[in-house]
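The values are calculated or read from the model by the stated rules, or taken from the named source; none is laboratory data. Remember, predicted model here, so these are calculated numbers, not experimental data. Cβ coordinates were reconstructed from backbone atoms using ideal geometry, including for glycine residues, and neighbour counts include every protein chain displayed.
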């Protein structure tokens, strides 16, 4: 039986890839903060916490979008079988 909604399956994968890129950018951002030294009047701890929070929210958003699409496709597939 042919799988339907191929574009939605592709979007699901794209969202998960974007989520993985967020984790990579988180690592790059933290390495940049660590290598950048301590500039004047900028609390490094606050910058690190903000970077972690921002990229964690992005990761969770994109990954959950991908998973929601997969769950909806699975529900539709099961409904169609019955």
Could you go through region 12-34 and let me know if any residue there is at pLDDT below 85, assigned to a loop (DSSP other than H, G, I, E, B) and surrounded by fewer than 14 Cβ atoms within 10 Å (Cβ to Cβ). no
Candidates 73, 30 - the one that is under 30 Å from residue 2 (Cβ atoms) and out of contact with any strand residue (DSSP E or B) (no Cβ under 9 Å at 6 or more places or on another chain): 73
Taking region 1-11, which residues are exposed (fewer than 13 other Cβ atoms within 10 Å of the Cβ) and in a helix (DSSP H, G or I)? 6, 7, 10
Answer yes or no as to whether residue 59 is farther than 25 Å from residue 79 by Cα and within 9 Å of the chain's Cα centre (by Cα). yes
